[in-house]
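What follows is a short report on a single structure.
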Amino acid sequence: MNWWAENTDPAKYQKRVDTKPFKFIASQYGEDDSIIEIGCGAGVWADNHKFYGKKGMYKGTDVTPEYVEESWKQHPEFQWEVADANWLSDADKTWDIGLAIHAIEYTMGYEKPVLELCRVAKKKVILCFWVGFTDNEDNAIRGLNAEGGMQYSIYSRKLFNSFLDSIEGWNVTVREQNVMDGERLYNYFWILEAK
Ligand SMILES: C[S@@+](CC[C@H](N)C(=O)[O-])C[C@H]1O[C@@H](n2cnc3c(N)ncnc32)[C@H](O)[C@@H]1O
């Protein structure tokens, strides 16, 4: 059991459809593009993928089996898999688009999850963070609650940018663009496009 399974009810997971940051994500890929998401939670992007009329296949992956199970129930038309974002099972260049929404904050380091998305995606990798970045040059791991039960990371923008710039075959086209959302204020985007 992980923090998410122990402390949240997947069936009551906070649904968000058609928010400003989600409009932005939807505007970033074509109607027929296929898409894989890491840390998908209980189907929030699947709701939006449908809402925005996307026709391409969607696959949601998450390390928490309870979320994946709930997502299957809600969206049997899509693919779902229990997977750690550090090790995706997909072959190279299987999907047009790779997506992470409020997920890489929890993976205890961004390198592997971002490299995995760049490995399995062909066209674009869309990264959305809600935890702000810092000007410190260290990547800090912070506990969210007193017990340190759920850990999230605050990353150094300098280290993150130089890491993204070092990924072979990809260009960073959007850097730390904040798309405000009334409900969840912080949504910082980074987008990589295949060269
Ligand atoms: C804040 S929730 C975001 C969920 C969803 N993307 C959304 O925006 O509603 C963070 C998610 O990351 C997942 N997660 C945490 N560590 C992970 C890992 N190593 N690999 C894959 N998913 C992970 C959790 O299970 C949880 O569903």
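The values are calculated or read from the model by the stated rules, or taken from the named source; none is laboratory data. Fair warning: this is a prediction, and the values are worked out from it, not measured in the lab. Quick reminder, even Gly has a Cβ in these numbers, built from the backbone with ideal geometry, and neighbours come from all protein chains shown.
Can you find, within region 61-78, the residue that is surrounded by the fewest Cβ atoms within 10 Å (Cβ to Cβ) among those that are among the acidic types (Asp, Glu) and farther than 16 Å from ILE35 by Cα?
Let us first name the residues in region 61-78 that are among the acidic types (Asp, Glu), namely 62, 66, 69-70, 77.
Then keep just the ones that are farther than 16 Å from ILE35 by Cα; that gives 66, 69-70.
On the way: GLU66: 20, GLU69: 15, GLU70: 21.
Across region 61-78, the extreme among qualifying residues is GLU69.
Within region 46-95, how many residues are more than 15 Å from the chain's Cα centre (by Cα) and assigned to a strand (DSSP E or B)?
Looking only at region 46-95, we keep the residues that are more than 15 Å from the chain's Cα centre (by Cα), and these are 50-57, 65-66, 69-79, 89-94.
Those left that are additionally assigned to a strand (DSSP E or B): 79.
Summing the residues that are more than 15 Å from the chain's Cα centre (by Cα) and assigned to a strand (DSSP E or B) in region 46-95 gives 1.
In region 91-113, what count of residues is obtained for those that are modelled with pLDDT of 95 or more and surrounded by fewer than 19 Cβ atoms within 10 Å (Cβ to Cβ)?
Of the residues in that region, 6 qualify.
List, please: which pairs have Cβ atoms under 7 Å, are six or more places apart or on different chains, and start with a residue in region 61-86 that is farther than 20 Å from THR107 by Cα and end with one that is part of a loop (DSSP other than H, G, I, E, B) and away from the ligand (no atom under 12 Å from the Cβ)?
GLN79/MET57
Can you find a residue in region 29-44 that is of a type in the set (Phe, Trp, Tyr) and near the ligand (Cβ under 10 Å from one of its atoms)? Walk me through it before giving the result.
Taking region 29-44 first, the residues of a type in the set (Phe, Trp, Tyr) are 29.
Okay, now just the ones that are also near the ligand (Cβ under 10 Å from one of its atoms), so none.
Within region 29-44 (the criterion being of a type in the set (Phe, Trp, Tyr) and near the ligand (Cβ under 10 Å from one of its atoms)), the answer is no, since none of the residues qualifies.
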